[in-house]
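FYI, it's all coordinate maths here, none of it is from the lab. Note that the structure is predicted; figures quoted are calculated from it, not measured. Here Cβ is always computed from backbone atoms with ideal geometry, including for glycine, and neighbour counts include all displayed protein chains.
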Amino acid sequence: MSHISIILNVSKSISGEIYMITTLPLLVVGKATIDKAVSKIDSCILCFPQAEYEFSYVLDLVRNAGVNEEQYFLADPVYCPRCSSQIKEHTLVQISDS
Ligand SMILES: [Zn+2]
């Protein structure tokens, strides 16, 4: 995993001036961590409407991170183990009981 910085939220006012630039640290999540996180979930919001955790929270769990102060960036596409929908960083997922 490596850290990169990226400039997000570049917005322009009506007159064309840029008025807000935010720099956030992004943590690029590699396949090994993604695989661990996927093994902990069993469904996503699309196939289980009661799903209540963001996928980024599951990444915190498998990384033993505390409160997430970082933005994750998934280096590889992630798919729901049940319905194969694509899961993004903030997709709600259900953590499996086992
Ligand atoms: Zn699903």
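Some points to look at:
- Difference of contour (0.36 nm per residue) and Cα-Cα distance, Asp97 to Ala75: 5.3 nm
- Exposure proxy shown here: for Phe48, Phe55, the number of other Cβ atoms within 10 Å sets the order, fewest to most, as Phe48, Phe55.
- Proximity of backbone amide H atoms, modeled 1.01 Å from N, is registered between Tyr79 and Ile87 at under 5 Å, excluding neighbours fewer than 5 places apart on the same chain.
- As a calculated quantity, the FRET efficiency between Ser39 and Cys83 at R0 = 22 Å, using C-beta atoms, amounts to about 0.85.
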